[in-house]
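Scroll down for the structure; my scribbles are underneath it.
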Amino acid sequence: MDLESIINRFMQIASESLPKIAGATIALFLGWVFGRLIGRALASIIRRLGIEESFNRTVLGRALKKSNITLSHIVNLLTRWFIYLAAILLASDILGATTFSSFIRSVMGYIPYLMAGFLIITLGFIITDFIGNTISALGEELGLSFSNVFTFFTKLLLGFAVVVIALTVMKVDVSIFYIFANALAWGIAGALALGLGIAIGWGFKDMIAKNAETIVRNLGLTFSKVSETATTEALREKISRLEGKLKEYRERIETMEKERAETVAFLEETLRPIPNLDERLKEIIGTTGEMTSVSGGYEIEIKDPINFPWCPVIFMLQNQGFNVWFSKRDNRYFIMAKP
């Protein structure tokens, strides 16, 4: 191979590789710039919203602060590296490094789970600290001497639950934690039962003995009031049901009265001469039949036997001096009326 062929081959490889290298370099540069900008922006938002300050008051926040690690720094770091990895993935795809791209893609696929778990830990510990402080303040307001112990166990249990949920979201096997949780729950339940037993047996035995009659009387009054309340509620339900039925009956009576008044008015109308009998019959029949005048009378074909107004039509024709009879032709029904 002569020198000219080598130079041509080199130029061909360079012409094919340089655009890829340039594209990968641009992708890495843009990823570096956007990663730093977006990471700093999210860290600033967290500080301005007061989330970092609230997190620093929690147990985990104080521990991280002693190590000079802040919430905004962690968010900045995670965001920045997520964008860095996205840029590296894009650059490797441009260069055609499929193996390296698969590795970066798997790492990027895990980062959202890591960020979600970290978000659960942050919000969970803030809520845990809020609930614990609320219980502590309520206990001090009520003068309960054991409120601090109850607050400690509440924070411990809620913090444990938050950590387990966060690790589960991060796809970490937490089956071993359930063993400790079960043992801890039984231990706390036993300690509470023992403490209550001792308190009732020794701390309150004299008070209960002195005030036994008053306690029994108050319990009797309480049960009596509960029974009266239950009876009153039952009576109210019965009265409500009876009022509903009474309303229903009234509506039925009003409907029947209305129908009776309409029937009486119609019968009174049929007893009087009707000057426009044709129009009145057509109005009553409507689309349920078809009326034809025949030899001074009427022939009415029944088109809808179910909805046809049989009684009004027959009463009106008979009270107006017509003889009425029925006939059937070709499976069709007719009402015949002649003077």
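May I ask you to list the residues in the stretch 320-339 that are within 16 Å of SER293 (Cα to Cα), free of Cβ contacts under 8 Å to residues at least 40 places away in the same chain and part of a loop (DSSP other than H, G, I, E, B)? GLY321, PHE322, listed by residue number. Among the residues of the stretch 57-92, those that are part of a helix (DSSP H, G or I) and under 18 Å from LEU158 (Cβ atoms) comprise VAL59, LEU60, GLY61, ARG62, ALA63. Residue count for the stretch 287-308 under the criterion of being over 16 Å from ALA337 (Cα atoms), in contact with an Asp or Glu (Cβ under 9 Å, 6 or more places away or on another chain) and surrounded by 11 or more Cβ atoms within 10 Å (Cβ to Cβ): the result is 2. Looking only at residues of the stretch 86-117 that are touching a helix residue (DSSP H, G or I) at 6+ places or on another chain (Cβ under 7 Å) and either free of Cβ contacts under 8 Å to residues at least 12 places away in the same chain or aromatic (Phe, Trp, Tyr) (or both), we find that the one that is farthest from ALA22 (Cα to Cα) is TYR113.
A quick yes/no check of all residues on (1) modelled with pLDDT of 70 or more; (2) outside the structural domain of SER54 (by TED's automatic domain parsing); (3) more than 30 Å from LEU28 (Cβ to Cβ):
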position: ILE104; (1), (2), (3): yes, no, no
position: TYR113; (1), (2), (3): yes, no, no
position: PHE130; (1), (2), (3): yes, no, yes
position: SER136; (1), (2), (3): yes, no, yes
position: GLY143; (1), (2), (3): no, no, yes
position: PHE146; (1), (2), (3): no, no, yes
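Per this entry, THR70 is not counted among residues that are within 25 Å of LYS171 (Cβ to Cβ), surrounded by 13 or more Cβ atoms within 10 Å (Cβ to Cβ), polar (S, T, N, Q) and in contact with a Leu (Cβ under 9 Å, 6 or more places away or on another chain).
Would you please name the residue that is farthest from LYS155 (Cα to Cα), looking only at residues in the stretch 29-56 that are in contact with a Ser or Thr (Cβ under 8 Å, 6 or more places away or on another chain) and surrounded by fewer than 17 Cβ atoms within 10 Å (Cβ to Cβ)? Applying the filter and picking the extreme gives ILE38. Taking the condition touching a helix residue (DSSP H, G or I) at 6+ places or on another chain (Cβ under 9 Å), modelled with pLDDT of 85 or more, more than 23 Å from PRO273 (Cβ to Cβ) and outside the structural domain of GLU259 (by TED's automatic domain parsing), does PHE308 pass? Criteria met by PHE308.
The values are calculated or read from the model by the stated rules, or taken from the named source; none is laboratory data. Computed from a prediction, not measured in an experiment: that's the story for all the values here. Using ideal geometry, Cβ is built from the backbone for each residue, glycine included, and neighbour counts are taken over all protein chains shown.
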